[in-house]
Amino acid sequence: AREETLTRVVHWGDSAIGLGGITGSIRRRMQARFGDGGHGFHLIAPPNNSYRHYDVRFTHNEEWEQCFIIRKCKKDGRYGLGGATAWSYGGAESTFALSTKRTSGKISRFAVYYLAGPKTGKIKLRVDREAWQTIDTKTEDETEEDRVHVLDLSDEPHKVTVRAGGGG
């Protein structure tokens with residue numbers, strides 16, 4: 001039996017990339033040839049009005065505070081994979097689902113990348129209408145570290161909600 005291997009490709013760029021047209025076309029061509037590896041990375045909140053991912057149905061409220069790398073607003077230089085960081089003291093929320101017009105709508109894996117540290121709080125995750133899951137992002141000591149929390153889901157359409165849970 002042939003072993004399946006998942007390869008991730010990251011494409012950084014400017015607004016032409018941020019609009020999703022070029023990256024979406026490349027993604028669909030690669031998926032047609034090599035298999036569907038998912039719909040890629042998406043920020044928790046858009047850093048500007050031109051941020052798009054046409055295959056993802058995405059909503060968010062205005063409670064996220066943000067810092068985009070071109071504004072040089074983070075003294076520690078931690079902007080994350082997308083060149084932007086977002087935080088909230090509670091009440092911020094974003095939802096993700098795949099477009100059923102452009103895709104199968106199926107989601108089998110959802111990963112949240114976050115910063116853990118002594119002053120960080122909680123992240124709440126909800127799949128469809130299931131109970132909320134809570135991730136405590138506080139560390140035991142003064143260190144800060146990048147972490148990821150992965151949800152392995154049944155391979156079908158889902159809506160995933162990410163909420164700032166407060167506490168830090």
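Summary of computed values
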{"read-out": "Tyr51 being farther than 18 Å from Asp146 by Cβ and aromatic (Phe, Trp, Tyr)", "value": "yes"}
{"read-out": "Extreme residue, modelled with the highest pLDDT, among residues of segment 1-52 that are polar (S, T, N, Q), over 21 Å from Arg109 (Cα atoms) and not in a loop (DSSP other than H, G, I, E, B)", "value": "Ser25"}
{"read-out": "Criterion: touching a Lys or Arg at 6+ places or on another chain (Cβ under 7 Å) and of a type outside the set (A, V, I, L, M, F, W, C) - qualifying residue of Glu63, Glu93", "value": "Glu93"}
{"read-out": "Of residues in segment 49-67 being open to solvent by 60 Å² or more (accessible area, probe 1.4 Å) and not basic (Lys, Arg), the one farthest from Thr161 (Cα to Cα)", "value": "Asn49"}
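The values are calculated or read from the model by the stated rules, or taken from the named source; none is laboratory data. Not measured: the values here are computed from a predicted model. Every residue, glycine as well, gets a Cβ built from its backbone with ideal geometry; the counts of neighbours run over all protein chains shown. Side chains are part of the model used for accessible areas, which takes the heavy atoms of the whole protein and leaves out ligands, DNA and RNA. Shrake-Rupley method; radii C 1.70, N 1.55, O 1.52, S 1.80 Å.
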